[in-house]
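Taking it in order: structure first as structure tokens, then the write-up.
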Amino acid sequence: MVRKRARRGRPVGSDEADHDLAIQTHGLTKAYGDLVAVDNLNLSIRAGEVFGLLGPNGAGKTTTILMLLGLSEPTRGRAEVVGFDPTRQPLEVKRRVGYLPDDVGFYAELTGRQNLRYTAALNGIERRAANDRIGQLLEQVGLADAADRRVEQYSRGMRQRLGLADAMVKDPSVMILDEPTASIDPAGVTDVLALIQALARDNGVTVLLSSHLLHQVHQVCDRVAIFNAGRILAQGRMAQLAEQLAGDQLELEVGLEGPADQVEAALRAVTGVTDVRRDPRDPSLWHVTGPQSIRGHLAGDLAARGLSVRHLRRVGDELDEIYQRYFTREADRGHAA
């Protein structure tokens, strides 16, 4: 197992109050003429978390990543990555950040191990130390048996796993992954997502994962930012985003067995319930609307009426529901304007 990270020292002059933030941006903006690709972006990503930057293709995710890496200069605003300004201190950032682009490139005629040795040499890592670390990384990403095969023989999924190892060679504090599961078969996707979680859990690495695939972000990310047209629509844990959308009203999906008329009457009799609808796809599910307070007593009230709740969840907790509702709300605001 690759060793866990020791906490690195902060650069002189850093704000002690922000000591647990690996990445932060303040009004970060990138414009190309009249086109604003990233608009007043404010992000705070904590050390050791897996953070998802979620949005459709063309939303500005890759432009944001390039600015965080110091590969593109912002039009205005600023960023800090492990306490350094990528525009003014790009080499310091590159020493501490591993990057996996959406289409990682390797020397096809070299083996996986040889490619990693080349990366280690570029980063000034002594050969013996590099060989030890490379062996550990190849084991961690599941390529130990394929380490001495030429990369031209690797599948897309194997290349992505090699890309994760390549980005980890220099023992980074932060990993930035741009669409890491693009064009991989479902089995390969499962492997890559598990590796991403292991990097954060076992190595103490902060992971910024850019993706347009909702279910994948939901599987691995501690928090997400919903990104569209260069702007953040919302960010936080899934439960927080659902709460922000819910407001004072709550919709619950309730699973109950029994005659429909009796079930509906019992639901409508619960204190605070304002609306009851049967799910058109599953007649055993009911959608109940009311104030936030009904969640605490709904099951008990129904039990008192002789009905046992077999399923209860708040509608809107799933990432796809949250995502669609934020985009719908944004579209409604645009039409109103």
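The values are calculated or read from the model by the stated rules, or taken from the named source; none is laboratory data. Everything numeric in this text was worked out from a predicted model, so none of it was measured. Please note: Cβ atoms are built from the backbone with ideal geometry, for glycine as well, and neighbour counts cover all protein chains shown.
All conditions but one from (1) buried (at least 20 other Cβ atoms within 10 Å of the Cβ); (2) at pLDDT 95 or above; (3) more than 23 Å from Val205 (Cβ to Cβ) apply to Ala31; the one that does not is (1). Which condition number in (1) in contact with a Gly (Cβ under 6 Å, 6 or more places away or on another chain); (2) under 26 Å from Leu137 (Cβ atoms); (3) modelled with pLDDT of 95 or more is the one that Gly70 fails? Single failed check for Gly70: (1). The set of residues from the stretch 57-90 being within 21 Å of the chain's Cα centre (by Cα) and acidic (Asp, Glu) comprises just one member, Glu80. Tell me, please, whether a residue that is in a loop (DSSP other than H, G, I, E, B), surrounded by 18 or more Cβ atoms within 10 Å (Cβ to Cβ), in contact with a Ser or Thr (Cβ under 7 Å, 6 or more places away or on another chain) and assigned by TED's automatic domain parsing to the domain that holds Gln24 can be found in the stretch 116-135. No, the stretch 116-135 has no match at all. Scanning the stretch 140-157 for residues that are within 21 Å of Asn203 (Cα to Cα), assigned to a helix (DSSP H, G or I) and without any contact (Cβ under 8 Å) to a residue 40 or more places away in the chain yields one hit, Ala144. A count restricted to the stretch 34-61 and to residues that are buried (at least 22 other Cβ atoms within 10 Å of the Cβ) and either basic (Lys, Arg) or over 24 Å from Thr181 (Cα atoms) (or both) stands at 2.
In the set Ile226, Ile196, only one residue is in the same structural domain as Ile176 (by TED's automatic domain parsing), touching a helix residue (DSSP H, G or I) at 6+ places or on another chain (Cβ under 7 Å), touching a residue at least 60 places away in the same chain (Cβ under 8 Å) and part of a helix (DSSP H, G or I); that residue is Ile196. Considering only residues in the stretch 287-304 that are touching a strand residue (DSSP E or B) at 6+ places or on another chain (Cβ under 6 Å) and among the β-branched types (Val, Ile, Thr), the one that is surrounded by the most Cβ atoms within 10 Å (Cβ to Cβ) turns out to be Val288. Selection of the stretch 260-283 for residues being outside any strand (DSSP E or B), more than 14 Å from Leu250 (Cβ to Cβ) and not aliphatic (A, V, I, L, M) yields Asp261, Gln262, Glu264, Arg268, Asp279, Pro280, Arg281, Asp282, Pro283. Tallying residues that are under 14 Å from Arg305 (Cβ atoms) and loosely packed, with under 13 Cβ neighbours inside 10 Å within the stretch 270-283 yields 1.
The sole residue among Gly33, Gly77 that is in the same structural domain as Asn203 (by TED's automatic domain parsing), more than 20 Å from Leu233 (Cα to Cα) and free of Cβ contacts under 8 Å to residues at least 60 places away in the same chain is Gly33.
If only residues of the stretch 155-193 that are closer than 22 Å to Arg117 by Cβ and either of a type in the set (A, V, I, L, M, F, W, C) or not assigned by TED's automatic domain parsing to the domain that holds Asn123 (or both) are counted, the one that is surrounded by the fewest Cβ atoms within 10 Å (Cβ to Cβ) is Met158. Cβ separations smaller than 7 Å between residues 6+ apart or across chains give the following pairs from the stretch 237-256 residues that are within 21 Å of Val50 (Cα to Cα) to residues that are outside any helix (DSSP H, G or I) and at pLDDT below 70: Met238/Asp317; Ala239/Asp317; Ala242/Gly316; Ala242/Asp317.
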